Every structure is written in structure tokens, then in C-alpha cells.
1. For Lys237, all conditions in the list (1) out of contact with any strand residue (DSSP E or B) (no Cβ under 8 Å at 6 or more places or on another chain); (2) more than 24 Å from Ser204 (Cβ to Cβ) hold save one; what is the number of the exception?
2. Leu208: closer than 22 Å to Glu309 by Cα and either modelled with pLDDT of 95 or more or not in a loop (DSSP other than H, G, I, E, B) (or both), yes or no?
3. Give just the number: which of (1) under 15 Å from the mean Cα position of the chain (by Cα); (2) buried (at least 16 other Cβ atoms within 10 Å of the Cβ) does Tyr343 not satisfy?
4. Which ones in segment 249-266 are more than 15 Å from Arg209 (Cα to Cα) and buried (at least 22 other Cβ atoms within 10 Å of the Cβ)?
5. Any idea which residue in segment 222-242 is farthest from Asn263 (Cα to Cα), counting only those that are in contact with a Leu (Cβ under 6 Å, 6 or more places away or on another chain) and crowded, with 22+ Cβ neighbours inside 10 Å?
6. Restricting the search to segment 203-242, which residues are in contact (Cβ under 8 Å) with a residue 60 or more places away in the chain and either touching a helix residue (DSSP H, G or I) at 6+ places or on another chain (Cβ under 6 Å) or polar (S, T, N, Q) (or both)?
7. I need the full set of residues from segment 361-388 which are crowded, with 21+ Cβ neighbours inside 10 Å and acidic (Asp, Glu), in order please.
8. Which residue pairs have Cβ atoms under 7 Å apart, sit 6 or more places apart or on different chains, and have a first residue in segment 296-316 that is free of Cβ contacts under 8 Å to residues at least 40 places away in the same chain and a second that is aromatic (Phe, Trp, Tyr)?
Amino acid sequence: MITREEFLKLYKKYISGQCSPAEMDMLNSYRDKMKLLDDKWDDDLMSQDEVGERIWQRLSESRKVVGPLAGRKNIAFKWYKVAAAAVVILSAGLWMIKHNNKPVHTSQLVKTPIRGILPGGNKAYLTMANGTRIVLDSAKNGNLAAQAGITLTKTKNGLVVYHFSGNKNQQIPDSAPEFNTITTPVGGQYQVELEDGTKVWLNSMSSLRFPVAFNGNERNVELTGEAYFEVAKNKYKPFNVQAAGTRVQVLGTHFNINAYKDNEYLTATLLEGSVRMVHGSAMTVLTPGQQGKITTSGNQIEVKDADIEETMAWKNGLFVFHDENIVNIMKQVSRWYDIDVEYTGDVKDREFGGTVSRYKNITELLNNMELTQAIHYKIEGRRVIIMK
């Protein structure tokens, strides 16, 4: 027989899809082995719904699991909804929605774990100037190639470094630049350190085209998708990022650019230093904590205070949403988990807020949103269907 604490620990792993085959067998045989607070389960067979209700009765007897969640503003849910979040969400944080305060039915929390949809990781390929393509995630650590006096090295943890292979007194050859492109697929991310020391983190479905060596009076790169830049300071060589018809120019600073083609707008978010944004005839200078936003159909640059936590969540291994539309949420989710998303019913206006790790099973995030009763979901292969 297993104790209440052992069962709850096992149940949490089951909900998050982390049970081993042996643990699944143990959970499935609970009717014969389970003991909660010195009480035995009934001998007769029970449905999933009845199992959920029985578990819930036991949880309701111990309200200590609520902890510090009580007293938060904007939480109109009854205690039993918060307790469900404590069990199912674990460390992911409580998800809320503006439009719906319906109570949660425990039977909806019991879902079969989906093992086939895993989170992304360090995956990318490098296309060199001569057309050679290197799959970086499978390439061995160490020197990969040499171009125009620059050595290309792969280090651990998803990092490619370009560095001048001559001595400090030598100059980089002043010839026509050779361009490389690093590309991340769906479910991929990667980091590259350019020849000048600039560090770039690429989000999934993104690419960066850059010269192997920065000759001339400027440092120019081209971005599609999303990337975070920590630009090495050089007051004599401005650093320019060209993305979706917009140029972001800096001397040395930290900033994020989101320029996915399926977004309705481009954003540049400044964390440190200053940047100049130029789009058509419009131009503005951002200061730390500001975000410049350009719609794809216009020439105006809107400047506002940035939500740094939400903007930088992807680089920090998180999904963070603050009253974000379900369609925008699922765009991010689909890029990272390599899924297709389908909507049925009137659900596209739903807005959610919360935090969850990007390295959890996809069901962790979907269960959190379903907990609000605003949406439900089902998974068919690599397709996620969001419905009322």
C-alpha cells in the first residue's frame, strides 16, 4: 500500500506527463494498494471522474496547500480552484483570465499525458559563404572551419564563436566580406558570438546573416524572426540590424528584436544603452526600458514602456504572458513545440496571464489555461485543437 503523500507525488508526475512506465503501472493499480489517511478505497471499480472526485475530497480536507495564494487581488475563484492550481500547476504559477470565473470540475484535470510533443532545444544549422551547411547540434565541439583569417569554433551549450586567428598586431584582411547565415528551425534556439565580440541569441524559426569579419566603417547584419543582441562597443563602427524593412543602429547596447513574418508588427526593446530605429521616413531613439513598435502596414514608430519580463522570457527559458491573446500565445507555443494549431468555436478573443517553463511538456501549459474553464483542448498527433 502507498501513503497519501506518495500518491499525491505520483499523481503530480502523472498530470505533468513525467511518470515512468513502472510508476504508471503503480498508479493504475491504486485500487488494490492505495491508502489515504488510514482509509481504504472502495473495492468496486470506479470511473476516471469518480477517481478525480475521490482525490478531490481528500485534498479538500487539507487546505494547507493553498499557502500564500490567498489574498491576491483579481482572484475571484473559490478556494477549491486555487487548490487545483497548486496540485496541477506546481511551480508554473496560477493562470487567470479576464472573461471567466467559472469553477473547475476536477474530472477535467485528469488527462492522458502526451509524450510525443516535446519542447525545443539547441538546434541550428550554419550556411557558409561557399554553400557548405553545418548542422550545429550534431557537430562535435571544437574548430569547425576557417574563413578569411577567422576561426569558427563550436563550444558547449549551444554556442558558436567567430574569432580572429592571427596575432593582435595583424589586421583582418580588407577584402569583399564573406557572409554566413545561422538558422534555427521550429523548436530550435542557438547562440553565436560574432567576430567583434557581439553576442546574439536566436529564438526558434529565426535566422541571422552576418559577415565573417566586419570590414569597413559599419557592422551590418540581417535578421528574420527574433533575437537578443549584446553588442560589443565600438564608437568607430556602428552596429546595424536590418529586419523587415527597419534598421536598428547602435554603438554598444543590449536589445531584443522581434520581427517574425506572421506578426502584425515589429518590436525593438531596449535593455541597456540606446538605439536608433529607422523605418521609411520615421526615426526615433529608444532609451532603456522602452519599446519601439512598427506595424507592417504603416510607417509610424510607436514608443511605449516595455514589458521586459515578457519580452525576455524566451531567452530565460520561460513563457510569460500578461493578459495576452490566445492566438499570440499559441504562435509562440507552435514555434517552440513544432505543432499546428486549430481553433473551433469563439475562443480567439480569450486572454491569459501566467508563467511556465519552456522545457515542460506542452500539456503543462495547456492544462494551466484549461484550468480557467475559458478554453479546452485536445491533441491529435502534432495538431493542438483549441475549443470552447
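The values are calculated or read from the model by the stated rules, or taken from the named source; none is laboratory data. This is a predicted model, so every value here is computed, not measured. Cβ placement follows ideal geometry from the backbone for every residue including glycine, while neighbour counts extend to all protein chains displayed.
1. The number of the failed condition is (1).
2. Working: closer than 22 Å to Glu309 by Cα: no; either modelled with pLDDT of 95 or more or not in a loop (DSSP other than H, G, I, E, B) (or both): yes.
No; evaluated as a whole, the condition is false for this residue.
3. Tyr343 satisfies every listed condition except (1).
4. Passing the criteria: Val250, Phe255, Asn256, Asn258, Leu266.
5. So, considering only residues that are in contact with a Leu (Cβ under 6 Å, 6 or more places away or on another chain) and crowded, with 22+ Cβ neighbours inside 10 Å, the one farthest from Asn263 (Cα to Cα) is Val241.
6. Residues satisfying the conditions are Asn203, Ser204, Met205.
7. Listed by number, the list holds a single entry, Glu364.
8. If the second residue must be aromatic (Phe, Trp, Tyr), the pairs left are Glu310/Phe321.
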